[in-house]
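Following: one structure in structure tokens, then a few remarks.
The values are calculated or read from the model by the stated rules, or taken from the named source; none is laboratory data. Computed from a prediction, not measured in an experiment: that's the story for all the values here. Neighbour counts run over all protein chains shown; Cβ positions are idealised from the backbone, glycine included.
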Amino acid sequence: MAKRGGFPGGGMPGNMNNLMKQAQKMQRQMEENQKELETKEFTAAAGGGAVEVTISGKREVVKVKLAEEVVDPEDIEMLEDLIVAATNEALRQVEEANGAVMSKLTGGMGGMGGGFPF
């Protein structure tokens, strides 16, 4: 009578160990790359450079630079809009860098389940 279930030749447990080792290696690489990304800064400008915002890889605003001519007490709303625009662009740069790191690590697996045999 044939055995039911189990792994023919014992091959699957070895593959599972390899898969786990690869996943652990990928996790270590992700952590290292994340730490490296957190040390970087991303700067974006708005209003032709009148407003510059710098954001860390931790997504924290670290610097806001304003050109003197953009500080108009009669038009605070424009200054607020420029700060928002520059901040959002710098955040987009952080997300783009993060996505590039993840894409490099996953090697185009197409998500977390794409390259796994289960």
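Before moving on, here are some points about what is shown:
- If the condition is being touching a strand residue (DSSP E or B) at 6+ places or on another chain (Cβ under 7 Å) and of a type outside the set (D, E, K, R), then region 51-62 contributes Val51, Val53, Thr54, Ile55, Ser56, Val61, Val62.
- In region 76-93, the qualifying residues are those that are of a type in the set (A, V, I, L, M) and more than 9 Å from Val51 (Cβ to Cβ), and the one that is nearest to the chain's Cα centre (by Cα) is Leu91.
- Residue check for Lys65: closer than 29 Å to Ala97 by Cα, exposed (fewer than 14 other Cβ atoms within 10 Å of the Cβ) and in contact with a strand residue (DSSP E or B) (Cβ under 6 Å, 6 or more places away or on another chain): yes
- Restricting attention to region 1-17, the residues being surrounded by 10 or more Cβ atoms within 10 Å (Cβ to Cβ) and at pLDDT 55 or above number 5.
- Residue in region 38-51 that is of a type outside the set (Ser, Thr, Tyr), part of a helix (DSSP H, G or I) and at negative phi present: yes
- Enumeration of residues in region 11-62 that are among the hydrophobic types (A, V, I, L, M, F, W, C) and farther than 29 Å from Leu79 by Cα: Met12, Met16, Leu19, Met20, Ala23, Met26, Met30, Leu37
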